[in-house]
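Participant: Sending over a structure as structure tokens; questions will come in a sec.
The values are calculated or read from the model by the stated rules, or taken from the named source; none is laboratory data. In this text the structure is predicted, and so the values were computed from the model without any measurement. Reconstructed Cβ throughout: ideal geometry from the backbone, glycine too, with neighbour counts over all protein chains shown.
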Amino acid sequence: MESRNYILRSLSPAEEALLRPHLTPVPLPHKMTFFRADEPITQAWFIEQGCASLITVLPDGGAVEVGTIGNEGLVGTSVLLESDRMPQQCDMEVPGNGWRISAQALTAALRQGDTLRAKLLRFAQAHFNQVAQSVACNRLHGIEERCARWLLMTRDRTGDDFPLTHEYLAIMLGVRRAGVTVTLNDLQNAGMIRHTRGHITITDPVGLEEVACDCYRIVRDEFRRLLPQGDAYPSAPP
């Protein structure tokens, strides 16, 4: 199957036959909500372009990103585990497009295809590892390290240029907007990024990786270990 999504492009003809009749191409606009916390998840999405955020929203209204999903996998991992909801919300952070499939159709395909289920469960483990690493990162590392990590993870999924507001990045990092502005200015003055209103360009990814905490490399290497075929991560265009 011709696709930029790692899971879809790695399908065998038999696996593709299980999924293709049920896939619908869809646009994925910025801030689109895939699902909200503790609400039934009736669909899953394979992302072709763009990047989604898994967000924990607290009762007092505070929010922080705990995971990122791009064209290395799918949105809706709870469906793989035969659960119909999650305690997090998932929104599209960088717009793009992808494929939608009903939870019912995906569950049926997984029960018919052992290798398909194995591929998706390996992605689920890689994504769980990313979420666990993000928890430690948010607790132990400073805003500059975490910001550099987040920018690199987004670059890996979208390329060097992507739309991003200071307000949205503040939510992703769980910090105040003023802190994000100072950090982005510092990274720009160091020649690693350019940022304008609502847009980021990565100009020195090597330098940015030197600033980022080890969490970036740990997550990247785990994706490569668990999803080695076709080098699923990083998966952004050159």
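Participant: Within the bounds of region 190-203, is there any residue that is part of a helix (DSSP H, G or I), touching a residue at least 40 places away in the same chain (Cβ under 8 Å) and out of contact with any Cys (no Cβ under 6 Å at 6 or more places or on another chain)? I'd like the intermediate steps shown before the answer.
Facilitator: Here is the first cut: in region 190-203, the ones part of a helix (DSSP H, G or I) are none.
So far as region 190-203 goes, no, none of its residues is part of a helix (DSSP H, G or I), touching a residue at least 40 places away in the same chain (Cβ under 8 Å) and out of contact with any Cys (no Cβ under 6 Å at 6 or more places or on another chain).
Let's see how each residue does on (1) more than 30 Å from LEU58 (Cβ to Cβ); (2) at pLDDT below 90:
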| site | (1), (2) |
| --- | --- |
| ASN5 | yes, no |
| ARG9 | yes, yes |
| ALA17 | yes, no |
| THR24 | yes, no |
| ALA37 | no, no |
| THR42 | no, no |
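Participant: Taking strands (runs of 3 or more DSSP E) that fall entirely within region 51-167, which contain at least 2 residues that are farther than 18 Å from GLU15 by Cα, in the same structural domain as GLY179 (by TED's automatic domain parsing) and modelled with pLDDT of 90 or more?
Facilitator: So the answer is 161-163.
Participant: For region 24-50, which residues satisfy the criterion of being of a type outside the set (Asp, Glu), in a loop (DSSP other than H, G, I, E, B) and surrounded by fewer than 19 Cβ atoms within 10 Å (Cβ to Cβ)?
Facilitator: Applying the first criterion (of a type outside the set (Asp, Glu)) to region 24-50 yields 24-37, 40-47, 49-50.
Next, from what is left, pick out any that are in a loop (DSSP other than H, G, I, E, B): 29-32, 36-37, 40-42.
The answer is PRO29, HIS30, LYS31, MET32, ARG36, ALA37, PRO40, THR42.
Participant: Still on this structure, please answer the following. Say whether the condition of being on the phi > 0 side of the Ramachandran plot and either out of contact with any Pro (no Cβ under 9 Å at 6 or more places or on another chain) or touching a residue at least 60 places away in the same chain (Cβ under 8 Å) (or both) is met by at least one residue in region 6-21.
Facilitator: Scanning region 6-21, I find no residue that is on the phi > 0 side of the Ramachandran plot and either out of contact with any Pro (no Cβ under 9 Å at 6 or more places or on another chain) or touching a residue at least 60 places away in the same chain (Cβ under 8 Å) (or both), so the answer is no.
Participant: How many residues are surrounded by fewer than 17 Cβ atoms within 10 Å (Cβ to Cβ) and part of a loop (DSSP other than H, G, I, E, B) when one looks only at region 1-15?
Facilitator: 3
Participant: Follow-up question, since we're still on this one. Test of understanding: among THR68, THR77, which residue is farther than 16 Å from LEU169 by Cα, surrounded by 22 or more Cβ atoms within 10 Å (Cβ to Cβ) and within 17 Å of the chain's Cα centre (by Cα)?
Facilitator: THR77
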